[in-house]
Structure formats: structure tokens, C-alpha cells
Amino acid sequence: MDHKLIPVLQPSIGQEEIDAVTEVLRSGWLGLGPKTEQFEQEFAKFVGSRFAVALNSGSAALHLAMDILGIGPGDEVIVPSITFISTVHAVSYVGATPVFADIDRSTMNISPADIERKITDKTKAIIVVHMGGHPCDMDAIHELAQSKGIKVVEDAAHACGAEYKGKRIGSTSEITCFSFHAVKNLTSGEGGAITCNTEWMNRKLREKRWVGISRDTWIRSSSEKVYAWQYFVDKVGYKYHMNDMQAAIGLVQLGKLDRLNGRRREIAERYQSELKDLEWIELPQEQTDTKSAWHLFQIKFKEEALRDRMIAHLQEHNIATGVHYYPCHLHPVYLHLKAVVPLSSEIWKSILTLPIHPNVTEEDQERIISRIREFKP
């Protein structure tokens, strides 16, 4: 038995993050404030967008994206099924109907050809998910959406630091949603953001994330003298903003992101070079013109039965793995939609995520690879 457990995903936190949070705690301003504003500016600059609006989760980001696009009852939004459930729930939150499109087998990203098949006169938007950090075929998706007058929202929860045709994810669509959950490439403990390029979206998102109040407390207390207490609410909003403790962690992580993602890439490349001769598994590959953030390293088994045997085998040796994801259309809440996505309905049975995060050491990876290689298919 190997004693140390190797988790499949894990945050990579150091003393700098601890010091940054301590500084905020001592400052006396814990909520939405100067650190959050600094994080927004630096994150927008990093991805190459005009604006970034910091939120308390990637789920909140997806919900607000649907909300500000005016999507509601009677509308349809095309989504993949191989994704975290929040992608689909965001459509349900605004009373619209999720319509599932199938995936491309090699990337497990949403298929532009199937998106086209699923478009109706009720389709208002498409949410595309960069699965495991691998960017979707954005040119094909944008071209299709433009020709039909449909909005594109990118769910980049896995793709912080990923690139498509030389541009960072977060700069290529009207709205991109990020997650800074504990095990994401960049974490703020919990958190999320939306990047956008238009003034009105930025303004509307800031109101919506702060219960509909048009000017947040930080702005009011820093610039107003007499009427700093006064605010007006035009529309219903949510309690979705990030706070300065989260932003402090996020800022340190942003400064390390290239290095952290570089380590993920090294791990991915080593898996690729040392497992490529195993004929019973298929390894993930980067597509031309893209740079993956390698949030996940997902292998596919040629035979379904092998997947569950491998999970048990690695578990015996204290190596955790994951399955990303059980298809959303098969969850009881969405069964009534009777989605027709044959590939998504099958592929989940043969996929497995191997440990990939910056805390995986050379020795850890050596152990994972040798345990996989000793497996008898």
C-alpha cells in the first residue's frame, strides 16, 4: 500500500496567499472593496478584455450572463451535457429551457455541427464549455451564432490562462464566465468573474451582483461626502459580488498563474510521453492553434469495463481519480427534456481524470504512471 494519498485535484496555496488575506483582515475592509477592484483590473489586463466583474462563484457568473442577455421563459439555450451542472442550471434560473448538444469525441467539447442541428427559432444563446481547459472551436461557433443572431457565452471555468489562436480565453467573446473555486487553476477560495468588452454590460453586471444597487459601498464611501448613505435600486439584483479576502488570494494566484499552469503542462506532457504506448487507452491531445490550461487530464478507455477496474486499482494504491462528468441530461432534474446526445450518453462510462495539479511531485507522478502501467487490461 502506498501511504500518501494523491488527490485528483488540489489547491496550490503558499505563504503569500496567507499573508495577503491577513493584510486584508487587518485593514478593516473585508467586503467588496479596493482589493476586489484591483483584482478586476489585473484580471482584465491578463485575459485581454476591457472589463472584469468579480463575483462569488462561476455559477453566479453563468446566471448573471443569462440575466443580462435578457434570456427568459420561452427561450432556448444550447448547452453541452458533459459539463458541471451549473452550466445547465444557469439556463433554468432565468426560466429558459436548456437544449443539449452533443460533443466532439476527441476534445469532448461541444460540437458546432450538433449546435447547428439543435438551433430553433427559440434559440437565444449558446453556452460553450472549454472542457478540461481545451478551447472549443470558437471560429466555427461564432460564425454560426452570428449567422443566426444568437449570443455566445463562454464557460471558461476550466480555461483560466488557456489560449485560442494566440488570444487568451476571456477576450474572444461578448461574455466569458470564470470560476475561481478551490481546485481551479486560479483559486480565490471561492469566486468567479465575468469578462466583457462593453460599457453597458459592465455597468449592468455591477448593479446585478450588488442586489441591484447602482453604486457599491466602496465607491460611495470613497468619493461622496454628504450623501454617501444614499442609494437607489432600479431592478432586482443578487448578492453575487466577490469580497476583498477572496480577491487578495486571487491576486497572488494571478501572479503565479503562468507558473502553476506551466507545471500542469509538464505533468500532462509526462503522462503523454510515458503512457502513449498503452493501446487500451486514448490520451487527450491539444488541438492546432490552441493552448490548453490543462485543468483536467482525461484519458479514455477503449473498453468501458476497464475504467471502473482502473478506478479501484488506483484507489487501492491511494491514488484518487475522477469522472468529469456524469452527463447533465441524465440527472433526474433534466430527464424530462429527453435529450438526444448519443455520444455524451456513452462517453462518460469510459473517461477518467488522472491527478493533475501543481502539487503533484515527480515522485507522485512516477507512482501514478507505474501503477497504471502494471494494470492488466
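The values are calculated or read from the model by the stated rules, or taken from the named source; none is laboratory data. Because the structure is a prediction, the values reported are computed rather than measured. Reconstructed Cβ throughout: ideal geometry from the backbone, glycine too, with neighbour counts over all protein chains shown. Only protein heavy atoms, including side chains, enter the accessible area calculation; ligands, DNA and RNA are left aside. Shrake-Rupley method; radii C 1.70, N 1.55, O 1.52, S 1.80 Å.
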Review point. Restricting attention to the stretch 306-316, and to residues there that are over 27 Å from the mean Cα position of the chain (by Cα) and crowded, with 16+ Cβ neighbours inside 10 Å, which single residue is nearest to Pro284 (Cα to Cα)?
Key: Leu306
Study note, to complete from the structure: Here the residues within the stretch 253-284 that are open to solvent by 30 Å² or more (accessible area, probe 1.4 Å) and over 25 Å from Gln365 (Cβ atoms) are Gly255
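Based on what the data block shows, is Val53 out of contact with any Lys or Arg (no Cβ under 8 Å at 6 or more places or on another chain) and either part of a loop (DSSP other than H, G, I, E, B) or at pLDDT 95 or above (or both)?
No: the conditions fail for Val53.
Can you confirm whether the stretch 254-261 contains a residue that is of a type in the set (Asp, Glu), within 23 Å of Pro358 (Cα to Cα) and assigned to a helix (DSSP H, G or I)?
Restricting attention to the stretch 254-261, the residues satisfying the condition of being of a type in the set (Asp, Glu) are 258.
From what is left, the residues that are within 23 Å of Pro358 (Cα to Cα) are 258.
Now narrow it down to the ones that are assigned to a helix (DSSP H, G or I): 258.
Yes, the stretch 254-261 contains a residue that is of a type in the set (Asp, Glu), within 23 Å of Pro358 (Cα to Cα) and assigned to a helix (DSSP H, G or I).
Can you tell me which residue is surrounded by the fewest Cβ atoms within 10 Å (Cβ to Cβ) among those in the stretch 115-132 that are in a helix (DSSP H, G or I) and in contact with a Pro (Cβ under 9 Å, 6 or more places away or on another chain)?
Initially, the stretch 115-132 is screened for residues in a helix (DSSP H, G or I), giving 115-118, 131-132.
So of that shortlist, the ones also in contact with a Pro (Cβ under 9 Å, 6 or more places away or on another chain) come out as 131-132.
Values: Met131: 28, Gly132: 25.
Selected residue: Gly132.
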Check your understanding: Which residue pairs have Cβ atoms under 9 Å apart, sit 6 or more places apart or on different chains, and have a first residue in the stretch 40-55 that is assigned by the TED database to the domain that holds Met201 and among the aromatic types (Phe, Trp, Tyr) and a second that is at pLDDT 95 or above and exposed (fewer than 15 other Cβ atoms within 10 Å of the Cβ)?
Key -> Phe51/Thr198; Phe51/Glu199
Exercise for review: Looking at (1) modelled with pLDDT of 95 or more; (2) open to solvent by 30 Å² or more (accessible area, probe 1.4 Å); (3) of a type in the set (Lys, Arg), find the lone condition where Arg209 falls short.
Suggested key: (2)
Revision key, fill the gap. Reported set for the stretch 167-185 where residues are surrounded by fewer than 24 Cβ atoms within 10 Å (Cβ to Cβ) and either under 12 Å from Phe43 (Cα atoms) or aromatic (Phe, Trp, Tyr) (or both) is Arg168, Ser171
Review point. Could you say whether any residue in the stretch 26-41 is under 21 Å from His357 (Cβ atoms) and not β-branched (Val, Ile, Thr)?
Key: no
Exercise for review: Run down Glu286, Glu303, Glu279, Glu269 and say which single residue is more than 21 Å from the chain's Cα centre (by Cα) and in contact (Cβ under 8 Å) with a residue 24 or more places away in the chain.
Suggested key: Glu303
Check your understanding: Got at least one residue in the stretch 67-76 being among the acidic types (Asp, Glu), out of contact with any helix residue (DSSP H, G or I) (no Cβ under 7 Å at 6 or more places or on another chain), open to solvent by less than 30 Å² (accessible area, probe 1.4 Å) and closer than 18 Å to Thr187 by Cβ?
Key -> no
Point to revise | Out of Ala101, Ala61, sole residue that is out of contact with any helix residue (DSSP H, G or I) (no Cβ under 7 Å at 6 or more places or on another chain), open to solvent by less than 10 Å² (accessible area, probe 1.4 Å) and under 19 Å from Tyr325 (Cβ atoms) | key: Ala61
